[in-house]
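Chemist: Can you read through this structure? Questions will come right after.
The values are calculated or read from the model by the stated rules, or taken from the named source; none is laboratory data. Since the structure is predicted, the reported quantities are computational estimates derived from the model, not experimental observations. Methodologically, a virtual Cβ is constructed for each residue, glycine included, from the backbone with ideal geometry; neighbour enumeration extends over all protein chains shown.
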Amino acid sequence: MIKKFVLPMIGLFLMSTVMQASFKKEDIQVHQLDNGLKIIFYEDHTIPSISYYTFFRVGSRNERPGLTGISHFIEHMMFNGTQKFGPGEFDRLMEFYGGSNNAYTSDDLTAYTDWFPPQALEKMVELEADRMQSLIFDPEVFESERGVVASERRMGVENNNEALLYENVRATAIMAHPYHWDVIGWMSDILSWRREEVIQYYRTYYAPNNAVVVVAGDFDPGKTLELIKKYYSDIPSQTPPSPVSTIEPPQMGRKEVVIKKQAQSPSFQVVYHAPNCRAADFLALSILEKPLIQGESSRLYRRLVRQEQLAISVFGGISETIDPQLFFISVQPRPEADLTKIEKIIDEELNRVVEQGITDQEYQKALNIIRSNFYSSLQTNSGKANQLGSNELLYGSYENLFTMVEQYSQVKREDIPGIAKKYFNELNKTVGKLIPQGGNQ
Amino acid sequence: MTRNLTIISILLLILPLATMASVKLPQPEKFVLDNGLTVYFLQNSELPLVSFRVLIPGAGSAFEPQGFDGLANLTATLLLRGTKTLSAEEIAESLDFMGARFRISDAEEYSTVYGECLSEHLPKLFQIAADCLISPAFKEDEYQKELSRKIDGLKAIKDNPGRALQLYFRKAYFGEHPLGQLSTGTDSSLKKMSLREVKKFFSARYRPDTAIMAVVGDIGREKLLGLLNQSIGQWPKPSSPPLPVTIPPLPAPKGKKLILVDKPDATQSYFALGASGFAVDDKIAAKASLMNTLWGGRFTSWLNTELRIKRGLTYGASSSFQSWKAGGIFMASSYTRNDKISEMLDITFDLLQTAKEKGFSDEEVESGKNYLLGQFPRTLETNASKASAYLRIVYYGLGFDYYDKYLTEISSTRAEELKACAKLLPAKDFVLVVVGKGDDIRTLLSKYGKFQEKKITDPDFGL
């Protein structure tokens, strides 16, 4: 229930495929208000509960130096008071009505996720519409929440070696694009955001024409649309924010970043620049990641964990992002493992993919994993709401969800080596090492 | 606070509890296989998925021989590392190929087999599950790999203060009591571990006739019975009587037990405060969970309000009751900058005292009820969560009307009953473990009493 941001490196496997009978494109209703607010409905009365998700097209990619982490900070401030409801009242009212909520910020979007019983619907529509337009950013609360985010950074990055290394690796690999920094932002920025800047940012991005509301579960679409009109119609639209125009220049040689800190165990990561989620090569790489690094039967797990016993675990995959980001490989090495050898083995395995591709068995396996994960994510109202909203924001339309299987089946297994070759090469590679200092003596 | 109470009193008039629709846990069908395995089944064909679970009483960490921490976990893990007919690689390949989720993991009182897959893959997944349970190979090289992975894993745990805290707390609270056995293992337990112990543990503890299985999803009764009889139904029932699965009464802290774990590079201090709780089937469970919801169990709880919302000391603070058959514990925990740890602890102790002295207001109780009732339907939304609920009800002997009764009890609880319930919260008798930077916090902590100190780099998690 804690408001949290999701580290973009975790769990970004793509979950999409053919739709089963009970969740069809025809069952989705879409509306748009005059102020630009887009609304997506999926009605399902299986349990007396509603998932109400609000997505804003804003994440750390919209930030700039000095304001890093501000998208995530506003996510926190969204619970801290409006002209109508004082600080903390959002949560108190929501819980009083039987609801609970969370929120997350990624590189590309910010999502507010509410789960509540049907009779709380009108209050929730009122609360969500209210905080879209009239946050007050009370100065005292502002300072206190700054402390919360600083604590979150200490916990999530500074006291977590893998996250700390990832922050360094991404900042080394990505020079120019705002993906250079992590969603949480740099500590010095966290400690110095100014209130006026935050308000300006909020005004720009928290506009109805920059938002999508997804409602899934036990509600009446007609009545709910009336409620949404009642509470949201008067929110003025804003001038659309300027597009993110920076394009990351091609990398021209291997980069390496080394962190030395007190630890008992090293960390090791390798990243390659990768295409954005709408690019033609994205699907092929998201098929490839499964036999390469996901699961105990994957090539890298077998080599590094099982055969050579250099690692405790491996994980990774391609980031599903609006702008091109990274294909990510993270290894938790054994304490005494030779990191150079780990890198060599990863190279060997990637070269094998580039030269020989993946087997038909591996290709089928990837498609099965995608299908199974996808159905699994649709077991709940919240899973459906999240899929509809993220597809709308990342792929331009929720409809993407209903054609994904076709898109995957169009990826030809024979094309994978050629696509892999474009990305997995020495010039495009960044390596990160966290090397323990002291602590054991 | 008062500003909001006005609003809330108005709300009371327009949100009567009676309007709270809820869900019932559907009654499953029960059958017993020839080998004594009891199966609970519910068909749900909404999605082409099936979830199943098998709970094996006595195969958890509390039943490891003293000092063999991690034995139950090693045993459970090794079951997937090869059988008489399948290698570890073949098992991993088959599971991944289906996109199935399958694992065997150990809790304190039992181990659990978890499976979920597309319905078309269920026959294959049952076969693998049966093979793992019936004829594990327990090969020496697989054992060695897993053992050394665990040994190295301990170091990674100690690099993460939040995770390490939980293990130090377990040892501090339970000592040599079976619930103090750590599933991760410890440096010394893994040193004396042997494959012989694993085999012994498996043959003594894994058996079908005391196990409970739940299957929920897209499959018909007859088809399921056929599949089970050919797979897990073949798991032979041993001729020996089952070993006892009782756990001695839980230790109750007397006075303060204070422990400081020095982690010199920590930029935050993490604390866990624990005291006696109650058993799963205790009559107080529903009311206590309502009380805990208000004190430390949700975002607007007292603890999170004071530590996070009002003061920004932390990203999160929470408390919970953890219960087993033989008893349970209460635990509150959070973390903050090293120099703020005593401010954080002072507030926590104050809140405990206030709850005991003053209890909770009618408005708060109303809010807590609405919250628990309003969130309840989501807790039984998936196949897997229904399967878990069946196992919990059967293992702890709670009865299939357990959740109905629980909800009824929650909705009828009054504020004065919660005040009585707050007696459960710790006052003088507790265990407090802090992991943080010793040099920055030693003096700050000294006002609470004398802390026993340990370095994070010292082996093991006990004293």
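Chemist: Mind listing just one residue for me: the one in the range A:2-44 that is within 10 Å of another protein chain (Cβ to nearest Cβ) and at pLDDT 50 or above and, of those, nearest to A:Leu164 (Cα to Cα)?
Modeler: The extreme case among them is A:Lys3.
Chemist: Here is a further query. Among the listed residues B:Asn44, B:Asn35, identify the single one that is over 17 Å from B:Phe138 (Cβ atoms), within 11 Å of another protein chain (Cβ to nearest Cβ) and not hydrophobic (A, V, I, L, M, F, W, C).
Modeler: After applying the criteria, what remains is B:Asn44.
Chemist: Tell me whether the range B:282-292 contains one or more residues that are among the acidic types (Asp, Glu), in a helix (DSSP H, G or I) and away from every other protein chain (no Cβ under 14 Å).
Modeler: no
Chemist: Go through the residues of the range B:434-457 one by one and say whether even a single one is under 26 Å from the mean Cα position of the chain (by Cα), in the same structural domain as B:Leu294 (by TED's automatic domain parsing) and surrounded by fewer than 20 Cβ atoms within 10 Å (Cβ to Cβ).
Modeler: Looking for residues that are under 26 Å from the mean Cα position of the chain (by Cα), in the same structural domain as B:Leu294 (by TED's automatic domain parsing) and surrounded by fewer than 20 Cβ atoms within 10 Å (Cβ to Cβ), one finds none in the range B:434-457, hence no.
Chemist: Kindly indicate the residue of the range A:395-441 that is in contact with a helix residue (DSSP H, G or I) (Cβ under 7 Å, 6 or more places away or on another chain) and assigned to a strand (DSSP E or B) and also nearest to A:Asn160 (Cα to Cα) among those meeting that condition.
Modeler: Per the stated criteria, the residue is A:Leu434.
Chemist: So the check is Cβ under 6 Å with 6+ separation or different chains; which pairs have a first residue in the range B:298-322 that's more than 7 Å from chain A (Cβ to nearest Cβ) and a second one that's aromatic (Phe, Trp, Tyr) and part of a strand (DSSP E or B)?
Modeler: Close Cβ pairs (under 6 Å, with a partner that is aromatic (Phe, Trp, Tyr) and part of a strand (DSSP E or B)) amount to B:Phe321/B:Phe330.
Chemist: With the structure loaded, tell me whether B:Ala172 is buried (at least 20 other Cβ atoms within 10 Å of the Cβ) and under 24 Å from B:Phe451 (Cα atoms) or whether it fails that test.
Modeler: yes
Chemist: Which helices (runs of 4 or more DSSP H) sit wholly inside the range B:88-202 and have at least 3 residues that are aliphatic (A, V, I, L, M) and closer than 27 Å to B:Val434 by Cα?
Modeler: Helices (runs of 4 or more DSSP H) meeting the threshold: B:140-158, B:161-174.
Chemist: A follow-up question, please. Mind listing whichever residues of the range A:74-91 are more than 10 Å from every other protein chain (Cβ to nearest Cβ), in contact (Cβ under 8 Å) with a residue 60 or more places away in the chain and not hydrophobic (A, V, I, L, M, F, W, C)?
Modeler: A:Glu75, A:Gly81 - these are the residues of the range A:74-91 that are more than 10 Å from every other protein chain (Cβ to nearest Cβ), in contact (Cβ under 8 Å) with a residue 60 or more places away in the chain and not hydrophobic (A, V, I, L, M, F, W, C).
Chemist: Tell me whether the range B:250-264 contains one or more residues that are part of a strand (DSSP E or B), small (Gly, Ala, Ser) and either under 30 Å from B:Glu363 (Cβ atoms) or in the same structural domain as B:Glu417 (by TED's automatic domain parsing) (or both).
Modeler: There is no residue in the range B:250-264 that is part of a strand (DSSP E or B), small (Gly, Ala, Ser) and either under 30 Å from B:Glu363 (Cβ atoms) or in the same structural domain as B:Glu417 (by TED's automatic domain parsing) (or both).
Chemist: If you scan the range A:364-375, which residues turn out to be touching a residue at least 60 places away in the same chain (Cβ under 8 Å) and either touching a Gly at 6+ places or on another chain (Cβ under 8 Å) or away from chain B (no Cβ under 11 Å) (or both)?
Modeler: A:Lys365, A:Ile369, A:Ile370, A:Arg371, A:Asn373
Chemist: Oh, and also: Looking at the range B:211-232, can you tell me whether even one residue there is β-branched (Val, Ile, Thr), in contact with a helix residue (DSSP H, G or I) (Cβ under 8 Å, 6 or more places away or on another chain) and assigned to a helix (DSSP H, G or I)?
Modeler: Looking through the range B:211-232, at least one residue is β-branched (Val, Ile, Thr), in contact with a helix residue (DSSP H, G or I) (Cβ under 8 Å, 6 or more places away or on another chain) and assigned to a helix (DSSP H, G or I).
Chemist: Let me ask something else. Of all residues being under 25 Å from B:Gln43 (Cα atoms), more than 7 Å from chain A (Cβ to nearest Cβ) and part of a helix (DSSP H, G or I) in the range B:370-382, which is nearest to the chain's Cα centre (by Cα)? Just the residue, please.
Modeler: Taking the candidates together, the pick is B:Thr379.
Chemist: From the list A:Arg170, A:Arg203, pick out the single residue that is of a type in the set (D, E, K, R), surrounded by 21 or more Cβ atoms within 10 Å (Cβ to Cβ) and not in a loop (DSSP other than H, G, I, E, B).
Modeler: After applying the criteria, what remains is A:Arg170.
Chemist: Residues that are within 12 Å of chain B (Cβ to nearest Cβ), among the β-branched types (Val, Ile, Thr), touching a Gly at 6+ places or on another chain (Cβ under 6 Å) and surrounded by 18 or more Cβ atoms within 10 Å (Cβ to Cβ): does the range A:180-197 have at least one?
Modeler: The answer is yes; a qualifying residue exists.
Chemist: Would you check which residues across the range B:323-348 are assigned to a helix (DSSP H, G or I) and either in contact (Cβ under 8 Å) with a residue 12 or more places away in the chain or closer than 12 Å to A:Ser151 by Cβ (or both) and list them?
Modeler: B:Asn338, B:Asp339, B:Lys340, B:Ile341, B:Ser342, B:Glu343, B:Met344, B:Leu345, B:Ile347, B:Thr348
Chemist: If you scan the range B:122-165, which residues turn out to be within 30 Å of B:Asn338 (Cα to Cα) and in contact with a strand residue (DSSP E or B) (Cβ under 7 Å, 6 or more places away or on another chain)?
Modeler: B:Asp152, B:Gly153, B:Ala156, B:Pro161, B:Gly162, B:Ala164, B:Leu165, listed by residue number.
Chemist: Does A:Glu392 count as away from chain B (no Cβ under 12 Å) and surrounded by fewer than 22 Cβ atoms within 10 Å (Cβ to Cβ)?
Modeler: no
A quick yes/no check of all residues on (1) outside the structural domain of B:Tyr395 (by TED's automatic domain parsing); (2) polar (S, T, N, Q); (3) free of Cβ contacts under 8 Å to residues at least 24 places away in the same chain:
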| residue | (1), (2), (3) |
| --- | --- |
| B:Glu93 | yes, no, yes |
| B:Phe102 | yes, no, no |
| B:Ser111 | yes, yes, no |
| B:Ile128 | yes, no, no |
| B:Cys132 | yes, no, no |
| B:Pro136 | yes, no, no |
| B:Lys155 | yes, no, yes |
| B:Pro161 | yes, no, no |
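Chemist: Could you tell me how many of the residues in the range B:84-106 are away from every other protein chain (no Cβ under 11 Å), surrounded by fewer than 22 Cβ atoms within 10 Å (Cβ to Cβ) and in contact with a strand residue (DSSP E or B) (Cβ under 9 Å, 6 or more places away or on another chain)?
Modeler: Of the residues in that region, 2 qualify.
Chemist: Does the range A:330-344 include one or more residues that are part of a loop (DSSP other than H, G, I, E, B), within 14 Å of chain B (Cβ to nearest Cβ) and over 26 Å from A:Ile312 (Cα atoms)?
Modeler: Among the residues of the range A:330-344, not one is part of a loop (DSSP other than H, G, I, E, B), within 14 Å of chain B (Cβ to nearest Cβ) and over 26 Å from A:Ile312 (Cα atoms), which makes the answer no.
Chemist: What number of residues within the range A:154-169 satisfy the criterion of being touching a residue at least 60 places away in the same chain (Cβ under 8 Å) and more than 7 Å from every other protein chain (Cβ to nearest Cβ)?
Modeler: The total comes to 8.
Chemist: A follow-up question, please. Tell me, please, whether a residue that is small (Gly, Ala, Ser) and in contact with a helix residue (DSSP H, G or I) (Cβ under 8 Å, 6 or more places away or on another chain) can be found in the range A:228-237.
Modeler: Checking the range A:228-237: at least one residue is small (Gly, Ala, Ser) and in contact with a helix residue (DSSP H, G or I) (Cβ under 8 Å, 6 or more places away or on another chain).
Chemist: For A:Gln119, only one of the following conditions fails: (1) surrounded by fewer than 20 Cβ atoms within 10 Å (Cβ to Cβ); (2) within 12 Å of chain B (Cβ to nearest Cβ); (3) in a strand (DSSP E or B). What is its number?
Modeler: In the conditions (1) surrounded by fewer than 20 Cβ atoms within 10 Å (Cβ to Cβ); (2) within 12 Å of chain B (Cβ to nearest Cβ); (3) in a strand (DSSP E or B), A:Gln119 misses (3) alone.
Chemist: Kindly check whether there is at least one residue in the range A:398-406 that is on the phi > 0 side of the Ramachandran plot, surrounded by fewer than 22 Cβ atoms within 10 Å (Cβ to Cβ) and touching a residue at least 60 places away in the same chain (Cβ under 8 Å).
Modeler: Within the range A:398-406 (the criterion being on the phi > 0 side of the Ramachandran plot, surrounded by fewer than 22 Cβ atoms within 10 Å (Cβ to Cβ) and touching a residue at least 60 places away in the same chain (Cβ under 8 Å)), the answer is no, since none of the residues qualifies.
Chemist: Could I ask something else about it? Among (1) within 11 Å of chain B (Cβ to nearest Cβ); (2) not in a helix (DSSP H, G or I), where does A:Phe142 come up short?
Modeler: (2)
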